[in-house]
Amino acid sequence: MDPDKPLQSLSESELSSARWGGRAGAEQETYRREQERQRHEDQRRLEERQRSSGGRRLGAGPASGIGIGWLWDLFLLALPVIVLVAVVVGLARGTTWLAEESLLAPLFPAPGDSPARYLLSVVTLLILVPGSLGVLAARLQPTPLRLPARIILMPAAVLLVPVVCYVTQVTATADLIRLPS
Amino acid sequence: MTSAVLNLVNRVRLPLRGLLTAGSAAGGGLLLVLGSVLPWVAGPDAGAVTYGAVETATDGSALGSRAGLSGGDAFVTLLAGLVALVVAGWYGLGRARRWQQVTVAGAGLLALAWAVLNHAEIGDVAGPDGDRLDIGPGVGVYVALFGALLVLVAAGTAPRDVEHDLRVLARRAERLAQRGLGFEAIEKQQQLLRRARRRPGWQDPRLTFEALFLARLYLAVGHVDRAVQLVHDVMGDAQRRFADDEEGLAAATAEASDLIGEANAQLAAVQQFAHQQYGYPPPR
């Protein structure tokens with residue numbers, strides 16, 4: 001038997017003779033394989049159990065309705081992406097562009113607006129920008145993307161709150177003439 | 001009076017209520033979309049209104065009316081209408097989760113606020129030299145107002161199927177467990193049990209099986225002590241909970257003994273390992 005052959009590629013009988021031969025690491029390899037088998041066994045039993053006693057649980061029975069969750073996910077993804085692009089481009093081009101030409105322009109308060117409109121603008125922007133990012137992050141929690149959601153989307157959402165407040169303050173005090181409307 | 005009405009609403013069977021909710025959410029959403037597209041400004045001077053931001057030759061930037069889609073305010077009502085339509089689809093498919101109600105209520109409130117604001121302010125802004133246009137809210141504002149109210153009706157009548165949320169949580173925990181994400185599955189299952197504490201309450205026999213499933217998840221990630229403690233706690237008063245359901249008690253007992261057996265096997269494996277590797281006393 002080749003003593004340099006890596007332990008992972010040994011067959012069961014080779015591993016057994018290597019263990020009796022006192023080769024270093026053979027015990028650990030045996031234990032690792034045992035654990036692996038145990039895990040597979042656990043998995044199998046779990047699934048078997050779900051088939052037998054699972055019928056009495058709350059989640060029993062087929063899922064109701066047809067899955068249209070992807071539609072909602074698409075919407076949730078599109079909304080913050082559009083808003084984020086608008087905000088980033090706006091920060092690059094200056095708040096004037098953001099308040100006059102962007103898709104979000106009507107949401108930013110202008111000089112001469114009533115307090116009610118200012119408040120509603122800020123609330124709507126907060127719902128659209130950090131709010132949709134937060135919902136998206138929460139939506140990603142049960143998926144493999146939960147870590148990026150937690151370390152990128154959530155801080156971005158929190159940071160955007162003061163940004164939104166600042167930009168609304170800037171647009172509300174901009175040098176702008178109101179036409180009668 | 002109010003409670004009598006509430007009782008009446010609650011007594012109506014869920015499918016009918018779901019249909020009412022889906023219908024009013026869909027109708028409200030359609031009206032919101034329609035109202036956003038229709039003109040928001042009416043009156044003798046409606047043709048003279050400038051919409052959005054413009055550059056004037058003499059004074060630089062100027063801002064005209066923001067009413068309607070051409071002004072931009074109607075984008076919010078349009079968005080709210082689309083959201084209401086999507087959620088109406090969910091209610092139509094028989095789903096009644098809590099976030100659906102929250103979403104519909106939020107969309108309705110936001111659309112209502114913008115429509116009311118426009119209704120109050122159209123024609124209020126004077127030009128630089130104090131001149132005003134003779135305009136008022138158009139048909140679009142009223143259609144959007146009515147649509148927003150319908151969406152709020154949908155939120156008010158939304159069926160609250162608490163068990164639906166629990167079923168979704170249970171399935172999610174199962175899927176996570178099947179994908180081998182043991183700790184995430186435990187998190188969901190714990191969330192499920194926390195929520196179910198109020199309704200349907202611990203006395204529901206199905207929760208016994210949910211708790212036993214949590215114990216199984218504990219075992220799958222190696223928390224033997226927690227699993228055993230949980231099985232012990234759950235089965236402690238199982239007799240009382242399954243007073244008139246011998247079959248259920250038998251199933252729960254079988255599951256519990258299987259769990260304990262597996263916990264023993266895991267402990268034995270640990271003892272075996274400790275014996276072989278570090279010379280601890282051999283397992284009995």
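The table below lists the values:
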item	result
Backbone HN-Hα couplings from phi across segment B:161-169 [Karplus 6.51/-1.76/1.60, Hz, Gly and Pro as x]	9, 4, 5, 4, 4, 5, 4, 4, 4
Acute angle (nearest 10 degrees) that the helix B:74-92 long axis makes with the longest principal axis of chain B, alpha-carbon atoms	40
Within-13-Å neighbourhood charge of B:ALA120 [Cβ basis; K, R +1; D, E -1]	-3
Protection-proxy order for peptides B:154-163, A:143-152, A:111-120, each taking the mean of Cβ atoms within 10 Å per residue, highest first	B:154-163, A:111-120, A:143-152
On Cα atoms only, tilt of B:98-121 relative to the major axis of chain B in degrees	10
Choice from B:LEU38, B:LEU133, B:LEU217 with maximal GNM fluctuation in chain B (Cα, 10 Å cutoff)	B:LEU133
Shape of segment B:162-278, Cα gyration tensor, a/c cut at 1.5	oblate
Within a Gaussian network of chain B (alpha carbon springs, distance under 10 Å), most fluctuating of B:GLY201, B:GLY60, B:GLY136	B:GLY60
Nitroxide proxy distance, nm - points 7 Å out along Cα→Cβ at A:VAL85 and A:SER11	5.9
Trypsin sites (Lys or Arg not before Pro) restricted to DSSP loop in segment B:174-244 with at most 14 other C-beta within 10 Å	B:ARG179
Tilt relative to chain B, helix B:246-278 - C-alpha long axis, 0 to 90 degrees, to 10	70
Prolate/oblate/rounded label for segment B:42-161 (Cα gyration tensor, a/c 1.5)	prolate
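Rule-based calculations on the coordinates, nothing more; no lab input. Only a predicted model underlies this, so the values are computations on that prediction, with no experimental measurement involved. All Cβ positions, even for glycine, are placed from backbone atoms using ideal geometry, and neighbour counts span all protein chains on display.
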